[in-house]
Structures are given as structure tokens and as C-alpha cells.
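A.B. asks: I'd like to ask you about the structure that follows.
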Amino acid sequence: MATIQIKLNGKTVECERGQTILDAAAAHGVRIPTLCYHSQISRTGACRVCAVRVNKTMYKTACTEPVAPGMDIVTVDPEILDMRRGILNFLLAEGDHNCLYCEANGACELQSLCFEHGIDVPPPSSAPRNLRVRDVSSSEGLRREENRCVLCGRCVKACEEIQLSRVWNFAGRGSHTHLTTGIRDLLGESECVQCGQCVQLCPTGALSFQTVLGRGQAWELTSRNSVCVYCGVGCQINFFTNREGQLVKAEGSIHGPNRGHLCVKGRFGFDFVQSPKRLKTPLIRKEGQLVEATWDEALDYAAGRLATIKAEHGPDAVMSFTSAKCTNEENYLLQKFMRGVIGTNNVDHCARL
Amino acid sequence: MTNSIREIPVSEAFFIIGSNTTENHPVIASMIKKAVIHGGKKLVVADPRKIEMARYADIFLQILPGTNIALLNGLMHVILREGLHDAAYVQTRCEGFEALEQTLQKYTPEYVAGICGLADPDQIVAAARLLAAAKPMALYYCMGITQFKSGVNGVKSVANLQMLLGNLGVAGGGVNPLRGQSNVQGACDMGGLPNVFPAYQPVTNPDARKKFEQAWGVPSLPETPGLTIVESLNAAIDGKVRALYIMGENPVLSDPNQHHVIEALKALDLLIVQDIVLTETAEYAHVVLPSYSFLEKEGTVSNTERRVQLMHRVVEPVGDDREDWWITQALANRLGAQWDYRGAEEIFDEMRGVTPSYAGMTWERLDRELLQWPCPTEGHPGTQFLHKDRFARGLGLLTPIDYTPPAEEVDPEYPMVLTTGRVLEHFHTGTMSRNSRILNEIVPGPYVEIGPNDARNIDVSDGEIVSVSTRRGSLRLKAFISDRPKANVVFIPFHFREAAANVLTIDALDPACKIPEFKVCACKVEKVYPREDVR
């Protein structure tokens, strides 16, 4: 990659040819605010929030414009800030952005930008604020409050470029532009497979997960990374729990083989962990019924019976199934137990099933 | 997988055979879809059902269940006839070419089309040309190759094809089995198999036994390979296996021929089931031991591309549950062992000492690096794709394989073909997915997928109840009429306890690896008239 020189906020710096202004600035520690831009999808340049002044004369969107030799870039000054405030005011006026009753409160990129730019009085509303689609129950997993939409297009691209189900698109023109999922325009009646990638990328509360509402606000959630338990792709997932320790939502981690993506099972298949059906104590069969027991009772009974059966019928009368759902350590230990303690190679698991 | 998920953009073409990728490995499917739809890469799909991937395919081969080997031989026949194979690669890297060539002679497109139920033999010619022209071409398969009594031969056949085309040992190529469980790769790597210690060191090898005897401080280790799951259930019925210790499996729903499985479990003197909920299997247990779910555990799992990843505790454990390793250790110590593991990392450290392919992976490295086995030393970067420059055995072995029909072919009494599998929203026996509210809301119950013509033949409309019977059992199911199944083929997902598909499946096994033939058996489908319900 060839290196070129540009002027960034008055300083001459080096960057790579082909880089966008946004990336070149970031490489030199200069942050340019963005809204429609997201690293996992192609560049859009729709929202204009990232506009910077180039060569004193023109504004360019930093997320789409490549750097050129000698380019003179100013990322922030009173005039640019004024323009950004104007854009944000328009976005606020266009939709129904009331953080009081929005799931995204605290995790909303529009909210953060408004806060950052000191927009303290909501603009008077002239545009229709409540005319867009409110589709909150047709889909089992996803909610759509389109009056919170800023038309950034991330959801369209998430579905087009990451999930490839191509459910979302824009319909209408000008101030009538809105999202659509097709003729019936209900998520639940579309081709949507509920991978939830559009929700994960949505910068506002326009799209959200059914699991989140009423179960904790953004700042109350803590996230911890683990690996999905379903198929063998090994998607890394950031799981969010609320103050009560309940699982609230799952987001694909960019660090895993999944690169941020998930399927419907990874996204929504976690509440079995906190299901009331979970076993809580050991059980022993007494007079035909499984009854609660202490660990000592259960382990003594199981080990005692294993010892007797091994003594009477030999180690090969004992069999064990290890698990493709358990960790490497647990599988290692169980085969060590069967081979080294019981004395048989009778150990297998569901690899063939 | 011989290759890696991140190589998908490098492949020029994909051949998906026996994998309903968008439903069973959706994230990988999306990456392949992106390469095909946006990248213009080529795609050939072979499956008995017109699965979603077939929509994007340049060529879709809708073959009868159980005819993969015939199709693969047909493709190789065309490739050799037209001289499209990578002769230099075969010459320098492989052996056994002549024998393979001879076997392939009779597999003309016409002959193969007859076996596979393909109307147009030219489709096979076109697919062979397309796959040979694009390099590297990646082959992806799943249980639709392996779950047959000829499963091992199916795997050897896909390897034959990729060796002939010179697609092994190159980035973007490979033979890529998509593993269906989060740690099925790791369970195999760890020696959760009857014939091998960790890292596939054979129990029949005296040196391997000696190594493990020393590492574990035991005087001797058993030298005869043990039983596979299905064999052990037969042995339980015969009274040879008396005790069964199950950690996190649910054979009552996951194994073929359910009546037979239950009979085996009932015959046991001792059934220990260690699981997170009271599964269908645990209901037959003498002792049930409650264990941690994946979100309560720390530990490592190995994915389909041999990548080892750390899991972290996300939620606090339930009730008095324990980690699976803790329970195994507690049993071992009651049987005279003196184990003192205090956490997963200690077990991992011992494991990597005896497992050469994991030897270079430390807990710290796993935390910050992408590591795929083999990773023999702590300075080793791990292995992105296997068989570079040479195969594990030296030369790649081309094996002549003949097509053999399934164990049970259709006949006048059972005139249709039954195949089984998973759906997008559910997983295996449903222990997890059916206890997840949203997944269960999307797909709440069982059904049989049947083609419109077959449905018309028995006068059934969508949503009506049919009975599906095989020589082993019978189920009543809602008919789901779709244009996906091939004519005369029906599909039943096996997740549902209330209509367990494995009441119907056959327990015929592959003679080498003992995999059951879940993907094909003969069945009949009849309409159930409402009157019968009343009576």
C-alpha cells in the first residue's frame, strides 16, 4: 500500500492511499462522529453526520471519501459543528425520539450524538412523527418501531451483506421514505429468519429484540463473552445480563469465527439456561420414583453400584457416553475416568448421531 | 474441516452435498451466500430436498437419499473422461489412481442419473465441468454424507474428488465437514471415542498405552477398543453392558430405533444421567446428577475448523448444580482415584501434555490468539489448513469405492423414502431449543414435510394429519406440504419428543465407524381420517 501525505486539522500526516478519510483520521487518533457508518457493512454515506471540510471549499462524507495526496482536511470547527447540529435536529424532528420509553435509551447512537453536540431543546415538530410502521408483535423475536428510524440503512445492509436474506429495503421517496419488508410489510410475514443482525446494527431503538423490553436498561446490563452451544461453527457471543442476573440478549462478537453474525438459535436460544425445568439437586430412584437426594447420597450410590458391577461383571460391563455439549476438559476427564479408573474403552459420544 | 471459515472468500466455487447449510450452519451459509451472490462465485448443490442453498446454485442435483457415492463417482467419471483432473497433483501427491480410474469406468452419467433419480444426465456433466474449472473449489458436507451405512465410503469419495481436482492442502479448497455440535470436534479430539486416546492415539498401540499409563499413574490401560453407542445399547439388551454413565446426551431421542433404545435402558442395572434438565433419557435413570449449562461454565471448546476457544461464566449456577468435571472427579475419587483438579485450566494443562495437537495452546494464548490445531509447541501459530505440501500419511490415498444401495429399499409395502434432520430453529433433541421461548414459538411442534404430488396421491392437504410408518414404528404427524422434497421422499425433523422421528429410523450401521443410517429408510405415508381419531 502506497503511503501519501495529507493535512489533517492543520498537521501534515501520512496515510495509506485508498483509505477513507474516516479511517485515516482514526489512525491518527482523530475521531469523526458517524451514524450510518458501521465497520461490518459497506459504506453508505447517507446521514452526512461525518461530513468534513476538504480543501477549504467543499464538504465530503468522511466514511466514503478516499484520501488523496495533499488533501487538506478539517474535521471540526464551529461551522462543521453547526452543520452536524442541523442534521441531528432534522433527524430528531422527523421521528418520534422520546428516550423515556425507548429500549435503546443509553445505547442509542443518535442520543449520544445529540448529547455530544449539545442539542438541548427538542426541535418543534412539523414532520409527521407517528405515521410510520409500528410492527411489534408479528415477529416472535424482533420489534420494529419505525418512528424511531433515521433511515441510515444499516438494517438493509445487514440483511443484504451479512445474513443475505434480503428482507429489508427502502420504499417511498423524499420525506415518505421508509423501511419495508415487502407487500404485506410485516416482519412476521416476510422471509425473515430472525437472525437479528439488523437489530444488532440498528443505531437507535427502531429495531429491538422482544427479549429486552422491560428487562433492564442499557446501563444496567453487563456483558460477558462465551461460545455458542448449538452447532459446530463456534460463534462467539456477548451475552447481556440484567441486575437480577437474568439473560436479556445476545450479540455476535466480532472476534469469533462468526465475525459478529449469529443465527436465530445463537440469538434467542439461551433462556433454557434459566428455565424453571433446570434440575437443582441430584435425584435417586427409590421405589420406582426419582426423589431428591444430597450429593453425597447420589455419588455414594452411583460409585458403589459402579464398583459392584465392575467387580461382578468386569470393567467392560460399564459404558459411558461423553458429550459434544461439554468442554474439552470434561470430555478428557470422563474418558480418563473410564479408561484409567474403570478400566474399559467403552466410551463414545454422539459424533455419529 | 481441513480448511478455515475465513477462507470462504478465497474459494472460487463451492460444492455443498448433504448439508442443509442455511438451517444447520446458518452463519457459514450466509458467508457462502455472500460469496456466491455478491462475489459471483460458483455453487453446486446436491441434496434430496430443494433446500434454500439450491436457490443460489448454478447447478442443483436433486438426488435420491443414499445415492451420494454414485453421484460423486459420476462426477469423477466425467472429470477423468474429459481430462479435467489435476494430473500433476495426482502424480506427485496421491497414490491409488489406477484402481480408482478402473472403478469409475462404469459410472457414466446415464448410469448414475438412473441411480440418483436425475432426469437429465447432462446435469452431471455440467456440474463436473464447473467444479473442475474453478480452483480452488471448497467442498462442504454434513450428515447427509455420513449418516448412511456407507458413511465412511461417502467421506472417502468426497476426498477422492478433491484429490483428483488438487483441492486439498490449498487455501480456499478442502474437504469441509460441518460439525453439528458445539464441541463434537473437541469430544473426538479428547478421546471420547472407543478406539482412541486424546489426539486419536490408538488404544491398540502399546506405545500410546504406555504413554498414558505413565501420565495417569495407572498400572495398565485396556487394549481392546470399546463399544460405540449403538453397539453398547445392543450389548445392554444382551446383558453384557450393565451400567451406563451418560454425561449430557439424550439417546432416547437422538439414537435410531427408539423402542430399541428404551428397551436397552430398561435392561441396565445402573443408569447414571448427568444433565441440565430431566431429559427423556433421565426419566429411565437410577441416579440423576444435575450439571452446569454452558453459560455457567469455564472451559474450552473446539469448533468445526479445529479452532479452540475459551468459554466464560455468564450467569451464576442454578440450585446445587455442579460442573461436569467436578462430578466425574467425585465419582473417580470414590472409586479409588486421587484426583485434585480445582478448575478447568488445570485439566487443560494436563490434557495438552498428552495431546500433541493441543500441546502449544496455553490458557493465556487462547485468550488472545486465534489457535487451530495442530499447534504442537508454544511458539507454533496453529494451522489454518491441513495437508499443505504433504498428507498426514504421506501420499493422499485415492480409494476405489463402489455405490451400494441403502439397507432398506422401497418396496410395495413401504413405497416411500424417509429422511430425517434438523430445522433452523431447533437443535437435536430439543433439550435446549425447546426450552427457549422464542425458538419454540417459531416452530412449536413436529411435522412431516411432503411434496405436493405425493400429498395429492394420498389426498392430504396442508396441515392434515398423516400416519408415517416403517418396519419399526409409526407416528402421526401434521403434513407440511412444500416443494422442497424430491418426489417420493418425506422429511421429518427429529427434535420432538411427542413425535420422535427415531421411532421410525433404522439402526443399520456403517460396518467401519458404526454410524446409523438416519438419512434413509423405507416408509409409507397414509392419510388419517378424522373418524379414526374419534373411534
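The values are calculated or read from the model by the stated rules, or taken from the named source; none is laboratory data. These figures come from a predicted structure and were not determined experimentally. Cβ coordinates were reconstructed from backbone atoms using ideal geometry, including for glycine residues, and neighbour counts include every protein chain displayed. The protein model used for the area step is the full one, side chains on, heavy atoms only, and it has no ligands, DNA or RNA in it. Shrake-Rupley method; radii C 1.70, N 1.55, O 1.52, S 1.80 Å.
A.B. asks: State whether the residues of region B:415-426 include one that is assigned to a loop (DSSP other than H, G, I, E, B) and farther than 30 Å from A:CYS326 by Cβ.
C.D. replies: Yes, that holds for at least one residue.
A.B. asks: Restricting attention to region A:158-168, does a residue exist that is more than 11 Å from chain B (Cβ to nearest Cβ), touching a His at 6+ places or on another chain (Cβ under 9 Å) and either within 27 Å of B:THR21 (Cβ to Cβ) or part of a loop (DSSP other than H, G, I, E, B) (or both)?
C.D. replies: No, that holds for no residue.
A.B. asks: From the list B:ALA487, B:ALA512, pick out the single residue that is small (Gly, Ala, Ser), in the same structural domain as B:GLY421 (by TED's automatic domain parsing), farther than 25 Å from B:VAL261 by Cα and open to solvent by 40 Å² or more (accessible area, probe 1.4 Å).
C.D. replies: B:ALA487
Matching residues to (1) of a type outside the set (S, T, N, Q); (2) farther than 26 Å from B:GLN372 by Cβ; (3) touching a helix residue (DSSP H, G or I) at 6+ places or on another chain (Cβ under 6 Å):
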site	(1), (2), (3)
B:VAL184	yes, no, yes
B:ALA187	yes, no, yes
B:PHE197	yes, no, yes
B:TYR200	yes, no, no
B:ASN205	no, no, no
B:ALA208	yes, no, no
B:PHE212	yes, no, no
B:GLY226	yes, yes, no
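A.B. asks: Checking the structure you have, find out if any residue of region A:233-251 is free of Cβ contacts under 8 Å to residues at least 60 places away in the same chain, aromatic (Phe, Trp, Tyr) and within 8 Å of chain B (Cβ to nearest Cβ).
C.D. replies: So far as region A:233-251 goes, yes, one or more of its residues are free of Cβ contacts under 8 Å to residues at least 60 places away in the same chain, aromatic (Phe, Trp, Tyr) and within 8 Å of chain B (Cβ to nearest Cβ).
A.B. asks: Restricting to region B:6-21, name every residue that is in a helix (DSSP H, G or I) and surrounded by 24 or more Cβ atoms within 10 Å (Cβ to Cβ).
C.D. replies: B:THR21
A.B. asks: In addition: Out of all the residues in region B:213-223, is one or more touching a residue at least 60 places away in the same chain (Cβ under 8 Å) and under 25 Å from the mean Cα position of the chain (by Cα)?
C.D. replies: no
A.B. asks: Identify all residues within region A:11-42 that are in contact with a Ser or Thr (Cβ under 9 Å, 6 or more places away or on another chain), in contact (Cβ under 8 Å) with a residue 12 or more places away in the chain and surrounded by fewer than 19 Cβ atoms within 10 Å (Cβ to Cβ); write none if there are none.
C.D. replies: A:GLU16, A:ARG17
A.B. asks: Please tell me if A:ARG143 is basic (Lys, Arg), open to solvent by 40 Å² or more (accessible area, probe 1.4 Å) and farther than 30 Å from A:GLU79 by Cβ.
C.D. replies: The answer is no for A:ARG143.
A.B. asks: Right, here's the next one. Looking only at residues in region B:515-535 that are open to solvent by less than 20 Å² (accessible area, probe 1.4 Å) and outside any loop (DSSP other than H, G, I, E, B), which one is nearest to B:ILE458 (Cα to Cα)?
C.D. replies: B:VAL525
A.B. asks: Please work out which one of (1) within 26 Å of the chain's Cα centre (by Cα); (2) closer than 30 Å to A:ARG143 by Cα is the condition A:GLY86 fails and give its number.
C.D. replies: It is condition (1) that A:GLY86 fails.
A.B. asks: Restrict the check to region B:69-92 and report whether at least one residue is polar (S, T, N, Q), in a helix (DSSP H, G or I) and surrounded by fewer than 24 Cβ atoms within 10 Å (Cβ to Cβ).
C.D. replies: yes
A.B. asks: Report, ordered by the first and then the second residue, all pairs with beta carbons closer than 8 Å, sequence separation of six or more or different chains, a first member in region B:263-281 that is closer than 18 Å to B:ASN502 by Cβ, and a second member that is open to solvent by 10 Å² or more (accessible area, probe 1.4 Å) and among the basic types (Lys, Arg).
C.D. replies: From residues that are closer than 18 Å to B:ASN502 by Cβ, the pairs are B:GLU280/B:ARG497.
A.B. asks: Let me ask something additional. Just to verify a result, which residue in region A:169-190, among those that are away from chain B (no Cβ under 14 Å) and under 20 Å from B:ILE442 (Cβ atoms), is most open to solvent (accessible area, probe 1.4 Å)?
C.D. replies: Of everything passing the filter in region A:169-190, A:ARG184 is most open to solvent (accessible area, probe 1.4 Å).
A.B. asks: Inside region B:37-59, can you point out the residues that are aliphatic (A, V, I, L, M) and at the interface with chain A (Cβ under 9 Å from one of its Cβ atoms)?
C.D. replies: The answer is B:ILE37, and nothing else.
A.B. asks: Check B:LEU439, B:LEU424 and return the single one that is within 14 Å of another protein chain (Cβ to nearest Cβ), of a type in the set (A, V, I, L, M, F, W, C) and free of Cβ contacts under 8 Å to residues at least 40 places away in the same chain.
C.D. replies: Being within 14 Å of another protein chain (Cβ to nearest Cβ), of a type in the set (A, V, I, L, M, F, W, C) and free of Cβ contacts under 8 Å to residues at least 40 places away in the same chain holds for just one of B:LEU439, B:LEU424, which is B:LEU439.
A.B. asks: Filter region A:197-236 down to residues that are part of a loop (DSSP other than H, G, I, E, B) and aliphatic (A, V, I, L, M) and give me whichever is most open to solvent (accessible area, probe 1.4 Å).
C.D. replies: A:LEU213
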